[in-house]
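The structure under discussion appears below in the form of structure tokens.
The values are calculated or read from the model by the stated rules, or taken from the named source; none is laboratory data. Just so it is clear, the structure is predicted and the values come from calculations on it, not from any experiment. Don't worry about glycine lacking a Cβ; one is built from the backbone with ideal geometry, like all the others, and counts go over all protein chains shown.
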């Protein structure tokens with residue numbers, strides 16, 4: 001059987017099941033291996049950026065704007081300079097003399113490091129104080145006097161392009177409005193034609209509100225420009241150490257070999273730690289000026305008010321169908337609020353990220369979307385919070401539209417989905433907007449979810465509850481993710497292609513070290529990547545050291561976001577392992593004095609075909625590689641390999657989610673009673689870690705659907721600036737998740753994996769919203785479905801939030 | 001001023017406004033206790049004071065004078081893990097590890113007060129500790145594991 005036939009065979013036999021089994025002791029390869037990283041964390045011996053204490057270290061603090069839009073007329077830092085513990089005060093004017101007052105964003109826009117002319121959002125960086133301790137730095141920023149001349153802010157994105165709207169980016173030559181970009185995908189004419197012929201068209205405005213990733217560890221760094229060597233070491237909370245190093249070189253003019261970026265343990269990222277923030281640049285400048293290491297850590301309000309937000313998409317979606325419910329086309333008109341500076345992190349070819357996967361999991365003939373990005377007087381950023389480059393907005397749009405269509409047709413939403421889901425024989429499937437979905441067996445996955453849920457019984461229970469006046473709702477979401485960027489020809493950030501390097505060395509005693517370009521923020525790379533090597537080479541996971549997060553120690557790669565670590569670096573890890581296996585075969589042949597082709601592999605050893613007793617383990621081969629064995633021509637005396645993996649296509653994980661809620665009709669309080677999640681992420685390396693990733697994403701979904709929002713008042717004051725106001729789910733809002741899985745390997749990935757990190761964050765919000773709206777019998781209401789918003793939705797309707 | 005942390009007295013001259021979390025992290029050098037929000041909401045700074053779980057980011061260091069403080073570094077005794085620590089690793093109750101010390105100390109206080117909590121009591125008990133990674137289910141399972149294995153303390 002050829003490899004392709006084998007993959008087709010695998011696809012035809014999608015493996016399904018509920019989650020199972022205890023976490024095992026030590027599987028040699030894939031399995032429920034307990035994590036290698038836990039030992040230090042449960043003892044409080046993790047090393048996070050804020051745990052670093054270097055000799056002579058100083059502390060930075062940022063003075064931020066109280067206004068959303070104002071001209072700076074005067075800054076007086078003399079009182080702060082006079083503080084006995086202050087070592088330096090930096091303003092935008094100081095940075096201007098160094099050419100560092102502005103920096104490029106990762107979307108090829110510019111962003112003020114410290115404001116010079118105007119402030120453009122509340123919380124914008126205005127000055128930076130460096131002092132002997134943290135308390136003194138915070139004291140001293142209070143001593144800086146800034147005079148502002150307030151300007152009218154643009155807060156509602158829907159007014160940003162009005163002719164009389166104040167222009168925010170007066171710094172940009174030729175910019176006389178608040179327009180950022182315009183982008184489209186799909187075929188407009190074909191879509192319009194499909195809509196014209198449709199029996200049923202449903203149209204719905206929906207807002208995906210601005211939310212924040214809010215990792216529990218805020219962003220920060222320790223910058224250390226060593227005066228003797230002129231080498232900068234940057235310990236920082238980054239998901240992409242190599243990209244940061246190159247950007248520091250490009251932006252600051254520092255030679256790249258004189259920059260070392262180290263990401264130690266990272267306390268959650270979720271997209272928040274992809275970009276470069278002004279505080280990092282200020283800390284570097286501070287270290288250059290003071291010739292001492294400078295630490296800067298945000299406080300929680302700074303994190304929520306100034307770093308990368310997510311979503312903020314105003315979407316008008318339309319779906320066209322036959323009267324029987326067959327979907328013909330979808331289209332969307334989107335207004336994207338990008339804040340004051342366009343700092344979104346996504347492949348530069350796609351200003352709206354991967355939003356154009358908005359046809360979702362359904363078979364249809366045409367689709368078209370048009371996205372307009374605008375500036376507002378809000379914090380910059382744009383793509384963050386585990387959304388796989390805007391896939392979460394796309395999934396929310398289509399999954400809400402399908403429920404609106406079911407509502408219109410009076411159909412069961414599960415039945416409508418089963419009627420329209422892509423069929424297994426359609427893969428690889430080219431979507432109307434140009435994606436090539438790699439593999440899938442969608443109906444099987446939805447059926448597993450419906451079986452775990454007991455869907456029919458739930459509907460009967462709902463009827464019975466309704467007869468008693470109780471509001472119980474059942475919400476379904478079926479999502480298709482697109483992750484694992486590149487290929488590098490189509491995916492880059494600031495010209496850096498999305499391909500990942502990997503290096504593997506087997507030491508003489510058979511122990512190994514694998515070096516990755518990606519950076520874990522809790523995903524368990526130290527375990528998972530050791531398992532990949534173990535699976536490929538049979539080296540026990542405890543004998544494999546996984547090195548990551550240090551640009552001096554690891555090969556180049558674009559980092560961990562968009563669920564790309566397993567899909568891209570995982571593939572790289574398998575490829576280098578196979579290179580070593582191939583080389584080991586040559587050495588084993590020399591050891592056994594047989595032709596390499598006469599050897600057969602079993603996990604951990606090569607043996608003579610037909611005589612399994614004659615073999616050499618990988619450990620024996622490693623010793624021989626470094627020993628005195630006469631090696632075959634062209635074989636060097638080591639057991640090392642390296643590679644750069646450039647993915648041929650993205651991977652397309654998917655899943656079926658079902659949420660059951662009870663709504664208190666008197667108060668509007670929503671209780672999530674059950675949540676069933678069946679994910680297909682292709683080949684599963686460590687089911688325990690996969691389940692954990694899904695659990696976290698489901699909690700995110702409950703948060704966004706029910707409580708999270710970065711809101712603003714008309715003056716642009718941020719109303720979500722602390723955890724007292726920006727609510728994220730606790731243990732009591734989350735149910736005991738019920739998981740299942742199917743396995744449909746990716747045909748183009750070296751071991752069939754697809755990625756799982758963001759699936760649940762992408763797939764869960766519409767399931768929760770669909771459930772709440774099903775409970776209260778309302779076609780649409782925007783997130784967050786807080787008790788008051790649910791109550792209003794039940795009692796005459798509710799406006800989108802701001 | 002002296003605070004006893006994990007059985008050791010730490011004597012330092014400090015400003016009256018210094019927060020306990022900073023005393024623990026910066027003056028005593030015990031960085032297992034984290035800081036996360038300033039408003040008592042997230043719980044990553046949770047420590048035990050005389051056995052009670054408190055948020056050290058909203059406690060002045062001087063308020064801890066004369067009290068016994070336990071941090072995550074004090075959970076393991078003579079190389080033997082607390083069942084809560086063992087439960088967290090057995091049940092995959094942690095991912096990034098940032099909330100973990102505070103979560104484990106809250107769990108320890110909960111189990112000391114109620115050795116056989118129901119699932120609802122566990123969820124209520126840890127509702128002052130946020131976790132952005134785990135969705136809480138495996139944290140609950142970890143605490144259930146610890147409750148079920150009070151004497152089977154493993155040494156790993």
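Can you find, within the range B:75-84, the residue that is farthest from the other protein chains (Cβ to nearest Cβ) among those that are touching a helix residue (DSSP H, G or I) at 6+ places or on another chain (Cβ under 9 Å) and touching a residue at least 40 places away in the same chain (Cβ under 8 Å)?
So the residue we want is B:83.
Do we have residue B:71 as in contact with a strand residue (DSSP E or B) (Cβ under 6 Å, 6 or more places away or on another chain) and at the interface with chain A (Cβ under 8 Å from one of its Cβ atoms) here?
Yes.
Tell me which of these residue B:39 doesn't satisfy, since it passes every other one: (1) part of a loop (DSSP other than H, G, I, E, B); (2) within 11 Å of chain A (Cβ to nearest Cβ); (3) more than 29 Å from residue A:304 (Cβ to Cβ).
It fails just one condition, (3).
Considering only the range B:7-65, state which residues are buried (at least 22 other Cβ atoms within 10 Å of the Cβ) and at positive phi.
Within the range B:7-65, B:43 is the sole residue that qualifies.
What number goes with the only condition from (1) surrounded by fewer than 24 Cβ atoms within 10 Å (Cβ to Cβ); (2) over 30 Å from residue A:582 (Cβ atoms); (3) out of contact with any strand residue (DSSP E or B) (no Cβ under 6 Å at 6 or more places or on another chain); (4) within 14 Å of chain B (Cβ to nearest Cβ) that residue A:696 does not pass?
Checking residue A:696 against (1) surrounded by fewer than 24 Cβ atoms within 10 Å (Cβ to Cβ); (2) over 30 Å from residue A:582 (Cβ atoms); (3) out of contact with any strand residue (DSSP E or B) (no Cβ under 6 Å at 6 or more places or on another chain); (4) within 14 Å of chain B (Cβ to nearest Cβ), the one that fails is (1).
Could you identify the single residue in B:135, B:87, B:128 that is more than 7 Å from every other protein chain (Cβ to nearest Cβ), under 25 Å from residue A:761 (Cα atoms) and either touching a helix residue (DSSP H, G or I) at 6+ places or on another chain (Cβ under 9 Å) or crowded, with 24+ Cβ neighbours inside 10 Å (or both)?
B:128 is the lone residue from the list that is more than 7 Å from every other protein chain (Cβ to nearest Cβ), under 25 Å from residue A:761 (Cα atoms) and either touching a helix residue (DSSP H, G or I) at 6+ places or on another chain (Cβ under 9 Å) or crowded, with 24+ Cβ neighbours inside 10 Å (or both).
Residues to consider are A:332, A:367; find the one that is surrounded by 24 or more Cβ atoms within 10 Å (Cβ to Cβ), at pLDDT 95 or above and more than 18 Å from residue A:209 (Cα to Cα).
After applying the criteria, what remains is A:367.
For the list (1) farther than 14 Å from residue A:501 by Cα; (2) in contact (Cβ under 8 Å) with a residue 12 or more places away in the chain, I need the number of the one condition that residue A:595 fails.
(2)
With the range A:289-347 as the region, which strands (runs of 3 or more DSSP E) entirely inside it contain at least 1 residues that are closer than 28 Å to residue A:492 by Cβ, touching a helix residue (DSSP H, G or I) at 6+ places or on another chain (Cβ under 7 Å) and not assigned by TED's automatic domain parsing to the domain that holds residue A:136?
Because the criterion is at least 1 residues that are closer than 28 Å to residue A:492 by Cβ, touching a helix residue (DSSP H, G or I) at 6+ places or on another chain (Cβ under 7 Å) and not assigned by TED's automatic domain parsing to the domain that holds residue A:136, the strands (runs of 3 or more DSSP E) in the range A:289-347 that meet it are A:309-321, A:327-337.
Tell me which of these residue A:707 doesn't satisfy, since it passes every other one: (1) within 15 Å of residue B:130 (Cα to Cα); (2) touching a helix residue (DSSP H, G or I) at 6+ places or on another chain (Cβ under 7 Å); (3) more than 9 Å from chain B (Cβ to nearest Cβ).
The number of the failed condition is (2).
List the strands (runs of 3 or more DSSP E) that sit entirely inside the range A:498-563 and contain at least 1 residues that are closer than 30 Å to residue A:349 by Cα and modelled with pLDDT of 95 or more.
A:500-506, A:512-516
Please go through the range B:7-24 and pick out each residue that is more than 8 Å from every other protein chain (Cβ to nearest Cβ) and either at pLDDT below 95 or not in a loop (DSSP other than H, G, I, E, B) (or both).
Scanning the range B:7-24 gives B:8, B:9, B:10, B:11, B:19, B:20, B:21, B:23, B:24.
Residue-wise test of (1) surrounded by fewer than 15 Cβ atoms within 10 Å (Cβ to Cβ); (2) modelled with pLDDT of 95 or more; (3) away from chain B (no Cβ under 14 Å); (4) in a loop (DSSP other than H, G, I, E, B).
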position	(1), (2), (3), (4)
A:20	yes, no, yes, yes
A:46	no, yes, no, yes
A:50	no, yes, no, no
A:63	no, yes, yes, no
A:68	no, yes, yes, yes
A:81	no, yes, yes, no
A:90	no, yes, yes, no
A:97	yes, yes, yes, no
A:108	yes, no, yes, yes
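Scanning for something part of a loop (DSSP other than H, G, I, E, B) and either surrounded by fewer than 24 Cβ atoms within 10 Å (Cβ to Cβ) or touching a strand residue (DSSP E or B) at 6+ places or on another chain (Cβ under 9 Å) (or both), does the range A:757-768 turn up at least one residue?
yes
With A:571, A:512, A:534, A:588 as the choices, which residue is buried (at least 24 other Cβ atoms within 10 Å of the Cβ) and more than 24 Å from residue A:33 (Cα to Cα)?
So the residue among A:571, A:512, A:534, A:588 that is buried (at least 24 other Cβ atoms within 10 Å of the Cβ) and more than 24 Å from residue A:33 (Cα to Cα) is A:588.
So which residues in the range A:171-198 are closer than 17 Å to residue A:120 by Cα and touching a residue at least 60 places away in the same chain (Cβ under 8 Å), if there are any at all?
A:171, A:172, A:178, A:179, A:180
What number of residues within the range A:153-195 satisfy the criterion of being on the phi < 0 side of the Ramachandran plot and either in a loop (DSSP other than H, G, I, E, B) or in contact with a helix residue (DSSP H, G or I) (Cβ under 7 Å, 6 or more places away or on another chain) (or both)?
24
Restricting attention to the range B:100-124, and to residues there that are surrounded by 22 or more Cβ atoms within 10 Å (Cβ to Cβ) and more than 17 Å from residue B:86 (Cβ to Cβ), which single residue is nearest to the other protein chains (Cβ to nearest Cβ)?
Here the answer is B:123.
Could you tell me whether any residue of the range A:282-292 is more than 14 Å from chain B (Cβ to nearest Cβ), buried (at least 24 other Cβ atoms within 10 Å of the Cβ) and under 27 Å from residue A:719 (Cα atoms)?
Checked against the condition, which is being more than 14 Å from chain B (Cβ to nearest Cβ), buried (at least 24 other Cβ atoms within 10 Å of the Cβ) and under 27 Å from residue A:719 (Cα atoms), the range A:282-292 yields at least one hit.
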